[in-house]
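Provided herewith is a single structure, encoded as structure tokens, for subsequent inquiry.
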Amino acid sequence: SSSKAVALTSMVMLHIHKHPADPFLNAAFFCPPAGDITQKGYEKKRSKLLAPYIPQIQGKTLGLSCCTHPGLASSKQNKSRPNNSRDERFRSDLHTEAVQAALAKYKERKMPMPSKRRSVLVQSSVEACTPPDTSSASEDEGSLRRQGRLAASAPHQAHPGVEHWFNRVIQGSSTSSSASSTSSHPGGRPHAAAAASAAAMLADLMAHTQLDNQSAPPDVTGLSERLVHMERPQVASVRGLPRGYNHTTLLETADGVPVNSRVSSKIQQLLNTLKRPKRPPLREFFLDDFEELLDVQQPDPNQPKPEGVQMRPLEGEPLGVVTNWPPSLLAALQRWGTTQPKSPCLTALDNAGKVIYTLTYGKLWTRSQKLAYTLLNKLSSRNEPLLRPGDRVALVFPNNDPVMFMVAFYGCLLAELVPVPIEVPLTRKDAGSQQIGFLLGSCGVTLALTTDACQKGLPKAQTGEVVTFKGWPRLLWFVTDGKHVVKPPKEWHPPLRDATNETAYIEYKTSKEGSTMGITVSHEAMLAHCHALTQACGYTEGETITNVLDFKRDAGLWHGVLTSIMNRMHVISIPYSLMKVNPLSWIQKVHTFKGEALLAKVLHKHLLVFSLRSISSCDAFLNVFQSRGLRPEVICPSASSAEAMTVAIRRPPEMGVPPPGKAVLSMSGLSHGVIRVDTEEKLSVLTVQDVGQVMPGALVCVVRVEGTPYLCHTDEVGEICVSSGSTGISYFGLPGMTKNVFETIPVTVLGAPISDRPFTRTSLLGFIGPDNLVFVVGKLDGLMVVSGRRHNADDVVATALAVEPMKFVYRGRIAVFSVSVLHDERIVVVAEQRPDASEEDSFQWMSRVLQAIDSIHQVGVYCLALVPANTLPKAPLGGIHISETKQRFLEGALHPCNVLMCPHTCVTNLPKPRQKQPVGPASMIVGNLVAGKRIAQACGRDVTQLEDNDQARKFLYMQDVLQWRAQATPDHTLFLLLNAKGTVASSASCLQLHKRAERVAVALMEKGRLNTGDHVALVYPPGIDLIATFYGCLYAGCVPVTVRPPHPQNLATTLPTVKMIVEVSKSVCILTTQAIMKLLKSKEAMAAVDVKTWPTVLDTDDLPRKKPPQIYKPPTPEMLAYLDFSVSTTGILAGVKMSHAATSALCRSIKLQCELYPSRQIAICLDPYCGLGFALWCLCSVYSGHQSILVPPLELESNVSLWLGAVSHYKVRVTFCSYSVMEMCTKGLGSQTEALRMRNISLSCVRTCMVVAEERPRIALTQSFSKIFKDLGLSPRAVSTTFGCRVNVAICLQGTAGPDPTTVYVDMRALRHDRVRLVERGSPHSLPLMESGKILPGVKVIIANPETKGPLGDSHLGEIWVSSPHNATGYYTVYGEEALHADHFNTKLSFGDTQTVWARTGYLGFLRRTELTDASGERHDALYVVGSLDETLELRGMRYHPIDIETSVIRSHKSIAECAVFTWTNLLVVVVELEGSEQEALDLVPLVTSVVLEEHYLIVGVVVVVDPGVIPINSRGEKQRMHLRDGFLADQLDPIYVAYNM
């Protein structure tokens, strides 16, 4: 912390010395950072201090931060690197120049840098800590220009009170998860026609002024003046914008941060970046109305096509006949071991380059015999020999012990066992080790041979035995050192048979996907391969070779262990570790030992380079050693593959072969699979050299990679195939794959096979060049096919490395692979970042790599990730384990420290944006008639027909019902309020409630001096006081408004909401408790609101026992009974008017549906402030006379089992809860059902448990709730949901009778087109929807088209319209704009039944007639709610419901706790809460982007990773996406990471 503080102060000082005149800098200087200050904290402090100065010196500060950078940057680039640095040996100067030239073209483009919380940065040096203010957008010149323009285009016409008003507004705005915290201050001034948060205004400003003179993008979220549904304007909007506000000065939020802050300008940069047209032009095509077609990339008609003739198979020279060639490799070993025992066979060096040991042929022969005898005769289990001839044995030898390996290998061959050489496993979780285990298991390996030292180093279990590695079979470990093997008796001789087709050894190889295969090599092939190599390389008896390769597999094994024995050669084996320490070691050894041949991945006779095409390394090698006498012609490249073994070798010069070839090929030609020779001047070229001639005795051809193996044309790249006696035979235990690879029959264009011999595919891509030389351009493993074009991973790596990499990433630590997203391959580049590279540098390097790859390969990179040094999984010899890296990337376990995603550039196969076809309402009806579909409408039971002994029906008004009950059943208890312990905190009988209401009425008339019709705000915690004061208001003729009390710990966000409801509802008095009264006028409250403007506040704690002179009788039931205020999830505060008639009708409807009588008990765990929760808590018991057990949801925080305990204790049949309560129970009690059972909690009494909601039913939650509490006797049929909204708080309610709620599965893609298509459960893109309970008695529902207002058919998606006696009568807004919203409450169909008056719910849904019958014997119509219209996102012409995208995102990674999405200027923003360590934050970015692409065909614009609990949720458990969006735009979320997808 102190060092950070020092860094910060020194930076500020630096600025001061430069500009001593700036007063704000001095101000900043005197703010010593206390403690470990985050960037955000620093900026807040700084901006608070600078607030007074910012207006005058804005130009100056911006100029300052801009002009200090360019000079520095250029000087950095101009320093050239010293020429002798080690990196040079890898560089192909040609490629680097090409890359630099390509980058020069891109200099102008700016990309927004991701922002990251400081703790996530991987930083080690002080210089890396840039001063926080420079990382903001001020350093991009574009924002300077734009700010200038913005200021110019906004003359100061603002209303004088605006700034003050906005500052007040914004202080209220916040993203806490308190009850729907609205952010506005509706001053009663005329110009404040609708309160708005600054962010909304900013969005408008940006949309109008900042898009660089282009027209503003259509704003799809409906927050500016252009409303999406013109006929659904916003209500008492907490967010919409007053019309005249387009010209204002730059706003500031409460913290003094200009709202045009980091986020906005970054998004602006992003929009500017995205304005470039995407490259591949999409062809126009007709889009079938029902299906979204992914665009299939059509081949470009101008792409190059092969023009050459069909190639002819190429034959190597015949294998020479050698007179004394041994009949098998073992015969050769016996011959040299007995006739030349002193002759050196193998010299091993240690890591310092000293000779440890020289194995002679005699020693090798005797030691191999000893081991063979021991293996066959001394290992037994249950008196049976452990091994039989033909069994497989694992050879686990370290890379520095070739001697023991050679003995073990030949020991196994002599014992007729099959050796399987593998790497030494170091830890239980080695990269790829599980796959090796799978190979050993499938080969039936039970024994592993190893050395003493190696065995000691393996991880051990407690018993002292070697642990069983993950995925490995149980192995017996046998140490082959001298003391463990026994000398065979004189008469024992190993069987030396002639070479046959039996398996000699198995070599493993790892495929592109990471699976490991064992390639079986027969004795015959092994012998033939040695013969061919001897002839091709001109090996002679007794010569010396140096081997730097891995002797366990591939060329290191073929030359250094097999062919060497054949020719009695002397091998000097140089360990890889020595190579790493001293790269010249092997060259010195060649000099010391006068080695004739040399095996290296890259002197006197010739040098074999086992590399496919790396011309740059050969050239660099030659440049260095030519002066020491190295002749260029002795470098002999070769090509090989595990399946076909050696494919081609350039012959030594004395064999009289044609000169080596070199080809400069066009990259774009190669990507289409054709060979076009190019001049070296072009940017995108690949220079390859030949890998020599075909092996002796082999036949080679090149075939098409995909599909039937047709022969290629001469100018076409394909897969090289070999037919010879010296290739592998099969993949062990995989007959299907073996047939494809080892038994390919190439055919001509006409389909005729070219030969009767089968060919083996080599997985090498190449062609046959002039002089019959073989050229290899890549491996199938590294092939990435993107939109039909082929790219090679190695080429992409080379391009990335040419972007001055050494400063930022480690060379050789770059992985390139492709992942499949949305039916195409997408390229991913992962590199290890140097610890000393700063954020800005790395980001700049990343953007340059993207541009370089883009211009050289003409392909977009989907994701570029940097990980901390040394964290990529390693392959055995130190390279990167690609398939393991890919696996980690896909699982979100790579933990990158930097990520750049570019889906906009490289995803070009999205479906066309939808064009809506205008269809009139009349043609819809005709269409439905023709299709035989009925019009979608349904209704509950007819209330007028239902004769029941409902005494309350006699009364028109609720206050009359209460008086009647107080007389008829004075002692009947209506309410029991429970506390956290589950005991009754207070109760109220009919009489007690009546008496309390009377006292309240007296207080209102006498103390409050209120008139009839005055509005009174009731600010109470959930309890009986709230109910009593509600009826007190009715008794006094006042209109009650229930308001949730402010949260004492969170006044700043909850109090403004209270204030706002009080003001918007025009309440002239507040009734509350003494405690809350103190809170409303406290010091803390003063900070949040203007406490002087509260109306009269009365506390009702001790009221005098008085009776009112008379109880108010309203003149007509249409009079206003109460106001119901609620904040919608889109942040709109809407108060609806409930008349006395509607109130009684609502209670009657619920009574009939739930069969409520005075003898019944129901338990309610809901908030009592609005909607159905209020009605159940305050109204229903008084109307129906049943007893309500009230459980305040807040109490569940201290006792989760409170609600279920009460249900069980009172044996309740009907209970209501909210989703948040249900979630608390599933999360808090999920693992405790056993403990609850011990406490005798039983839920078998419950017939219906209804979730009160104003949204689509959350099936996953209700199902998991049912599953968890099934053990406590909860019936699986009990749980159901309700549906209500602002215009009608109770439309559906399951109730006690009627069929169970049904679930259907719909196609999510059709929903986006406003269509309902039913599909089977589990089919792709299916979405389960549960019916929202049964339609209430007296309620009629119809589905209408929200645009044309025409009726829709059965199973069509449209807006739900409702007609019922308990509809609310209208919005109550302070601005009296009822005319605007009239059609929400009384609208008529434009066609068909044009008489009925309907209310529009603002929710999309559909009706579907089911096979079930309802209580009246009719077929049952089910109503399915899909989601709120206001919440939907219109993207690419389609309608998306946020919850669907969120569900996909939450599924994509285990650490995503919650997710919310919203749009901003047509960009989709995804906010995810990370439940895990911060290093996982960046893993989420690619996963989130990919899953949204795959499942929703949408490109995510911004991914924001935040802490758990940041996404605000209201009391109903609904996400407040608009508050989140405002918080994001005002930069108040304190995100862990923000990624801007390019």
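Using a basic spin-label model with each label point 7 Å from the Cα along Cα→Cβ, how many nm lie between residue 785 and residue 576?
Going from the residue 785 label point to the residue 576 one covers 3.2 nm.
In nm, to one decimal, how far is the modelled label at residue 984 from the one at residue 1012, with both set 7 Å along Cα→Cβ?
Going from the residue 984 label point to the residue 1012 one covers 3.7 nm.
Amide H neighbours of residue 675 under 5 Å, counting only residues 5+ apart in sequence or on other chains, H built in-plane at 1.01 Å?
716, 717
Can you bin the stretch 364-422 into rounded, prolate or oblate? Criterion: square roots of the alpha carbon gyration tensor eigenvalues sorted a ≥ b ≥ c, rounded for a/c under 1.5, prolate for a/b above b/c, oblate for the rest.
Details: a/c = 2.11, a/b = 1.59, b/c = 1.33.
Prolate, since a/c reaches 1.5 and a/b exceeds b/c.
Would you kindly find the accessible area of residue 619, with a 1.4 Å probe and non-protein molecules such as ligands, DNA and RNA excluded, rounding to the nearest 10 Å²?
70
Considering the zone a paramagnetic label at residue 750 would reach in this model (a point 7 Å from Cα along the Cα-to-Cβ line), which residues of the stretch 294-334 have amide N under 20 Å from it?
Under 20 Å, as judged by backbone N against the label point of residue 750, lie 308-314 of the stretch 294-334.
Please list 576, 1305, 1403 in order of solvent-accessible area, largest first, computed with a 1.4 Å probe with all protein chains present.
576, 1305, 1403
Ordering 971, 715 from largest to smallest accessible area (1.4 angstrom probe), what's the sequence?
Details: 971 125, 715 25 Å².
From most exposed to least exposed: 971, 715.
Looking at the stretch 371-456, what % of its DSSP beta bridges pair antiparallel, to the nearest 5?
Rounded to the nearest five, the antiparallel share is 20 percent.
Given a Förster radius of 45 Å and the C-beta distance between residue 1078 and residue 1507 as r, what FRET efficiency does 1/(1 + (r/R0)^6) yield to the nearest 0.05?
After rounding, the FRET efficiency stands at 0.85.
Quick check on the stretch 1297-1402: take the gyration tensor over C-alpha atoms, sort the square-rooted eigenvalues as a ≥ b ≥ c, and tell me if it's rounded (a/c under 1.5), prolate or oblate.
Note, shape of the stretch 1297-1402 comes out prolate.
What nm value, rounded to one decimal, do you get for the distance between residue 1260 and residue 626 when each label is placed 7 Å out toward the C-beta?
Spacing of the two 7 Å Cα→Cβ label points: 6.5 nm.
Once phi is turned into θ = phi - 60°, what whole-Hz ³J(HN,Hα) does the Karplus curve with 6.51, -1.76 and 1.60 give for every residue of the stretch 959-970, x standing for Gly and Pro?
Residue by residue, the stretch 959-970 yields 5, 5, 4, 5, 4, 4, 5, 5, 7, 6, 10, x Hz.
Could you sort the peptides 1508-1521, 657-670 by per-residue average Cβ neighbour count (10 Å cutoff), highest mean leading?
Ranking the peptides 1508-1521, 657-670 by packing returns 1508-1521, 657-670.
List the relative contact order of the stretch 661-756 as a percent without decimals, with contacts defined as Cα pairs under 8 Å and 6+ residues apart.
It rounds to 21 percent for the stretch 661-756.
Would you mind checking 981/1211; 981/1066; 739/874 for any pair whose Cα atoms are more than 29 angstrom apart?
Numbers: 981/1211 18 Å; 981/1066 38 Å; 739/874 32 Å.
From 981/1211; 981/1066; 739/874, over 29 Å: 981/1066; 739/874.
Mind scanning 954/1107; 116/512; 116/1083; 116/1267 and naming the pairs with a C-alpha gap bigger than 30 Å?
In this structure, 116/512; 116/1083; 116/1267 exceed 30 Å between Cα atoms.
Accessible surface of residue 1101 in the full protein assembly, 1.4 angstrom probe, to the nearest 10 Å²?
70
Rank these residues by their accessible area, most exposed first, probe 1.4 Å: 541, 804.
Largest to smallest exposure gives the sequence 541, 804.
At a probe radius of 1.4 Å, what is the per-residue accessible area of residue 880, in Å² to the nearest 10?
About 20 Å², ignoring ligands and nucleic acids.
The values are calculated or read from the model by the stated rules, or taken from the named source; none is laboratory data. Here the structure is a predicted model, which is why all the values come from computation and not from measurement. Note: ideal-geometry Cβ built from the backbone for every residue, glycine included; neighbour counts use all protein chains shown. Protein only, heavy atoms only, side chains kept; ligands, DNA and RNA dropped before computing areas. Shrake-Rupley method; radii C 1.70, N 1.55, O 1.52, S 1.80 Å.
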